[in-house]
Amino acid sequence: MEIVSRAAAAAVVGSILALLLRKYTPELSLTLSLVTGVVIVWISATVASRITDLLRRLAENGALESIYVSPVMKCVGIGMITQLASQVCRDAQQGSVASAVELCGTLCALYVSMPLIDALLTTVEKLL
C-alpha cells in the first residue's frame, strides 16, 4: 500500500508540474514527465524484485521450472518498458516512433517466449 501511495503521489505531483510547464516550456515539461516516469519505475522496482525472488524460489524448489518462469518475466519486463517508451514518444507528439517501439517490443517478446512455445509444442507432441 505504501508503494502505491508513493507512486501515485509522484505521478500526481509530476503531472501537475508538467501541465503547468507545458504552456511556457514544452521541452522542460517533457523532461519532467520522463523523470517522473523513471521515479515511479524506481519506486516500483522493490515490488518487482520481491516477485522475481519469489518466482526464483519456486523454480529452485521445483514448484515451477525455470524454462517457464524466465520467458514470462522477460515478456512482462519488455511489455512494461515498451509501454513506457511508447507513451513518452506519444507525449512528444511522435506517434510513428511510438508505433515502431511497440512493434519492436512485440517482436522481442515473441522472440523471448520461443523457448516456452517450444516446450509447449513438445509437451503436446508427447501427448499425441
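Phi angles of the stretch 65-82 translate, via the Karplus equation with coefficients 6.51, -1.76, 1.60 and θ = phi - 60°, into HN-Hα couplings of 8, 5, 5, 8, 6, 4, x, 5, 5, 5, 5, 5, x, 4, x, 5, 5, 4 Hz per residue; Gly and Pro are given as x. For the pair Ser70 and Arg90, a Förster radius of 41 Å applied to the C-beta separation gives a FRET efficiency near 0.85, rounded to the nearest 0.05.
Residue by residue, the stretch 89-94 carries 3J(HN,Hα) couplings of 5, 5, 4, 8, 6, 10 Hz when phi is fed to the Karplus relation 6.51 cos²θ - 1.76 cosθ + 1.60 (θ = phi - 60°); x denotes Gly or Pro. The structure-derived value of mean projected area of the Cα convex hull in nm² appears in the list (i) 9.6; (ii) 10.0; (iii) 7.0 under the label (ii).
When the helices in the chain are scored as -39500 (n - 2.57) per DSSP H run of 4 or longer and the sum is shared across all residues, what 222 nm value do you end up with, to the nearest 500 deg cm²/dmol? Taking each H run of at least 4 residues, the total per residue is -31500 deg cm²/dmol. What the phi angles of the stretch 21-36 give under the Karplus curve with 6.51, -1.76 and 1.60, with θ = phi - 60°, is a coupling list of 6, 4, 5, 9, 9, x, 5, 5, 4, 5, 4, 5, 4, 4, 4, 4 Hz, glycine and proline written as x.
Once the chain from Ala8 to Val41 is taken as fully extended at 0.36 nm per residue, the excess over their C-alpha distance is 10.7 nm. Between Leu64 and Ala59, the built amide H atoms are under 5 Å apart, and every one of these is 5 or more places off in sequence or on another chain. For the stretch 64-128, GluC sites (Glu not before Pro) meeting the loop criterion (DSSP other than H, G, I, E, B) and having at most 16 other Cβ atoms within 10 Å: Glu65.
A short reminder: the numbers here are calculations on the coordinates, not readings from a lab. Remember, it's a predicted structure, so these values are computed and weren't measured experimentally. When we count neighbours, we look across all protein chains shown, and the Cβ atoms used for this are built from the backbone with ideal geometry, even at glycine.
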